[in-house]
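Engineer: I'd like to ask some things about the structure below.
The values are calculated or read from the model by the stated rules, or taken from the named source; none is laboratory data. Keep in mind it's a predicted model, so treat the numbers as computed, not measured. We place every Cβ from the backbone using ideal geometry, glycine too, and count neighbours over all the protein chains shown. Each accessible area value is taken on the protein alone, full model and side chains, heavy atoms only, with ligands, DNA and RNA left out. Shrake-Rupley method; radii C 1.70, N 1.55, O 1.52, S 1.80 Å.
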Amino acid sequence: MAQSTMIFNHIPAQNDAVCLSHRRSRRVSARGAHQEAVCIDHPSTKNPAARLAESLSNLLHLQIETPARAAVAGGNLGRFSNWDSFPEEKHSTPTTSPKEFIAEKWREIHGFEGWEGVLDPLHPWLRREIVKYGEFAQATYDAFDFDSFSEYCGSCRYNAHNLFDKLGLAKNGYNVTKYIYAMSSHINVPSWLQRSHLVDDTWSRDSNWMGYVAVSDDQESRRIGRRDIVVAWRGTVAPSEWYEDFQRKLEPIGNEDAKVEHGFLSIYTSKSESTRYNKFSASEQAMKEVTKLVQMYRLKGEEVSLTITGHSLGGALAILNAYEAAATLPGQVPISVISFGAPRVGNIAFRDELDQMGVKTLRVVIKQDMVPRMPGLVLNESLEKFDDITGTLEWVYAHVGAELKLDVKSSPYLKRGLNLPGFHSLETYLHLVDGFMSQTTPFRDNARRDIALVNKACDMLADELRIPQCWYQLANKGLVCNDHGRWVKPKREPDDIPSPIGEAHQAHVLDVALQPDKVLLQPLFSV
């Protein structure tokens, strides 16, 4: 399974010149469409198992050769043939539009009428909300530490209190209340799938930061017409998660005929008493926090909504989370899912049960992206037409909810040609959403989102725009110059060091902040 991540270029073993000179003997590791390319040595010979695994990875976008820089289709960027002719207003205007007051129409915007009349053409209020939740999903990549040299590899770089400030998302008006951790795999995997070969004493060998829970503040709640609880799930990053994604086995969920993909469910529900962060599963962590927030704000007499978002694997986890929330809190809170580039999760019975539960799902899909076609590339919901012959198809995969389909070719700023990581990039998705008006109208000229973001960790923008590929990284690739003039890896700020006890304390402080009239006397709960 590919994933779209904002992963910084962490591997300092080679300088750029050496990297380029050895490109033929090296492989570009594309950890998703929003992951920086790094040059990695490979032995000249591989055993058959390794070659098979690499082939599977290539198929699913895990390790994909960077495509040649394709020439822009004739006339596509004629008016931008040189940088000086690029419209100056793109550089001197805000990157966001003024926020609209959507309190009276939020249910329509969140799909409780099936998104009738608001998808094509795309309602501007819905466009802004999709981008907002997409940025929440992108944050799970931007803040993830995938530096194999880091003692905190697999954690979030920042603590919950400053995550949005660090990533420029404080403007959205939400506060993070809880981090979610998942066991990438609870089974033995080959050594080449391990997260890091270089750090013996990592912060956690078994767990990865998988996302977070956030809640709208008072001002944002007034604007959107309710107290909105958000759960944002990260897509595939850790190699052991890729291993789980390779599995294509359906297993039952619930009490009826519903079945879901084994690997997704395993990541969502796995736990172990021997771990620091996954004594409770990602499922239990998320639902404990969501249930607490729903009950707290409902007791205050507020209207509450639950919006779950994610990209790629994160979109699959969002669907599982929505299914569990609907079963756990029936009738207590309206539930919406806004996913990006998400794969199929379960069978037709699962899709139907989710719909009967009242979960509203909007899948944002790029036409050229392969991930939404998996699993079930052949055995999918299209076989429903043969029900009379085959009977109930419990063994095929089916998408859920409504679909907003985008096309890379609609944007005058994007390259033509094959670029699988770029097609799956979450920033590519957000760029296309920002410019989408309808299936029959061109890319909107007044799109505000910064075009340069598309190339943060891939190479999708036309060369004429002169935006470097994979330009986003830590300064000096994470090294700092110490007082002695030596370049070293810095120590994290104490508040940013992952700690189960520390995070429980932060949650306690936030509870008090959210409920100033209530003193919490319960003992701190740590995971």
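Engineer: Can you find a residue in segment 480-488 that is modelled with pLDDT of 60 or more, open to solvent by 90 Å² or more (accessible area, probe 1.4 Å), within 28 Å of GLN138 (Cβ to Cβ) and not aliphatic (A, V, I, L, M)?
Structural biologist: no
Engineer: Which numbered condition trips up GLU256, out of (1) in contact (Cβ under 8 Å) with a residue 60 or more places away in the chain; (2) under 30 Å from LEU426 (Cα atoms)?
Structural biologist: (2)
Engineer: I've got another one for you. Kindly indicate whether GLN439 is more than 23 Å from the chain's Cα centre (by Cα), assigned to a loop (DSSP other than H, G, I, E, B) and at pLDDT 90 or above.
Structural biologist: When the stated conditions are applied, GLN439 passes them.
Engineer: Determine, yes or no, whether VAL231 is buried (at least 24 other Cβ atoms within 10 Å of the Cβ) and either modelled with pLDDT under 80 or outside any loop (DSSP other than H, G, I, E, B) (or both).
Structural biologist: Judged against the criteria, VAL231 is a match.
Engineer: Just to be sure before I move on: is ALA170 buried (at least 20 other Cβ atoms within 10 Å of the Cβ) and either at pLDDT below 95 or of a type in the set (A, V, I, L, M, F, W, C) (or both) in the structure I sent?
Structural biologist: Criteria not met by ALA170.
Engineer: Tell me the residue from ASN208, ASN175 that is modelled with pLDDT of 55 or more and surrounded by fewer than 20 Cβ atoms within 10 Å (Cβ to Cβ), please.
Structural biologist: Step by step, each of ASN208, ASN175 is checked, and only ASN175 is modelled with pLDDT of 55 or more and surrounded by fewer than 20 Cβ atoms within 10 Å (Cβ to Cβ).
Engineer: Taking segment 356-373 as the search range and keeping residues that are in a loop (DSSP other than H, G, I, E, B) and more than 20 Å from ASP257 (Cβ to Cβ), which one is least open to solvent (accessible area, probe 1.4 Å)?
Structural biologist: Per the criteria, the residue is ASP369.
Engineer: Against the condition surrounded by fewer than 22 Cβ atoms within 10 Å (Cβ to Cβ), at pLDDT below 95, over 29 Å from ALA402 (Cβ atoms) and not hydrophobic (A, V, I, L, M, F, W, C), how does SER155 come out, does it pass?
Structural biologist: So SER155 does not fit the description; no.
Engineer: Tell me which residues, restricted to segment 414-462, are open to solvent by 10 Å² or more (accessible area, probe 1.4 Å) and of a type in the set (A, V, I, L, M).
Structural biologist: Scanning segment 414-462 gives LEU418, LEU420, MET437, ALA447, ILE451, ALA452, LEU453.
Engineer: Then there is this: Would you confirm, using the coordinates I've provided, whether ALA316 is buried (at least 24 other Cβ atoms within 10 Å of the Cβ), aliphatic (A, V, I, L, M) and free of Cβ contacts under 8 Å to residues at least 40 places away in the same chain?
Structural biologist: no
Engineer: Sticking with this one: Quickly run through segment 309-358 and pick out the residues that are within 21 Å of the chain's Cα centre (by Cα), of a type in the set (A, V, I, L, M) and under 23 Å from SER270 (Cβ atoms).
Structural biologist: The answer is LEU313, ALA316, LEU317, ALA318, ILE319, LEU320, ALA322, ALA325, VAL337, ALA342, VAL345.
Engineer: Tell me, yes or no, whether segment 87-110 has at least one residue that is part of a helix (DSSP H, G or I), at pLDDT 90 or above and closer than 16 Å to VAL433 by Cα.
Structural biologist: Taking every residue of segment 87-110 in turn, at least one turns out to be part of a helix (DSSP H, G or I), at pLDDT 90 or above and closer than 16 Å to VAL433 by Cα.
Engineer: Assess whether VAL509 counts as being more than 27 Å from the chain's Cα centre (by Cα), of a type in the set (A, V, I, L, M, F, W, C) and either at pLDDT below 90 or part of a helix (DSSP H, G or I) (or both).
Structural biologist: Against the criterion (more than 27 Å from the chain's Cα centre (by Cα), of a type in the set (A, V, I, L, M, F, W, C) and either at pLDDT below 90 or part of a helix (DSSP H, G or I) (or both)), VAL509 qualifies.
Engineer: Further question: Within the bounds of segment 191-198, is there any residue that is open to solvent by less than 20 Å² (accessible area, probe 1.4 Å) and either at pLDDT 95 or above or touching a strand residue (DSSP E or B) at 6+ places or on another chain (Cβ under 6 Å) (or both)?
Structural biologist: No - not one qualifying residue is present in segment 191-198.
Engineer: Hey, another quick one. Let me confirm something: among GLU303, GLU353, which residue is open to solvent by less than 50 Å² (accessible area, probe 1.4 Å) and either at pLDDT below 90 or among the acidic types (Asp, Glu) (or both)?
Structural biologist: GLU353
Engineer: Somewhere in segment 374-385, is a residue open to solvent by less than 20 Å² (accessible area, probe 1.4 Å), at pLDDT 85 or above and of a type in the set (Gly, Ala, Ser)?
Structural biologist: No: zero hits.
Engineer: List, please: which pairs have Cβ atoms under 7 Å, are six or more places apart or on different chains, and start with a residue in segment 96-110 that is open to solvent by 50 Å² or more (accessible area, probe 1.4 Å) and of a type in the set (Lys, Arg) and end with one that is assigned to a helix (DSSP H, G or I) and at pLDDT 90 or above?
Structural biologist: From residues that are open to solvent by 50 Å² or more (accessible area, probe 1.4 Å) and of a type in the set (Lys, Arg), the pairs are LYS99/ARG223; LYS105/TRP125.
Engineer: Here are some conditions: (1) crowded, with 19+ Cβ neighbours inside 10 Å; (2) at pLDDT below 85; (3) among the charged types (D, E, K, R). LYS477 meets all but one. Which one does it not meet?
Structural biologist: (1)
Engineer: Moving to a separate point now. Identify, please: which residue in segment 401-412 is of a type outside the set (S, T, N, Q) and open to solvent by 10 Å² or more (accessible area, probe 1.4 Å) and is, among those, farthest from ARG234 (Cα to Cα)?
Structural biologist: PRO412
Engineer: Please find, among TYR297, TYR277, the residue that is modelled with pLDDT of 95 or more, more than 18 Å from GLY346 (Cβ to Cβ), hydroxyl-bearing (Ser, Thr, Tyr) and open to solvent by less than 10 Å² (accessible area, probe 1.4 Å).
Structural biologist: Checking each option against the conditions leaves just TYR297.
Engineer: Kindly provide the set of residues from segment 463-474 that are assigned to a helix (DSSP H, G or I) and open to solvent by 30 Å² or more (accessible area, probe 1.4 Å), ordered by number.
Structural biologist: The answer is ASP463, GLU464.
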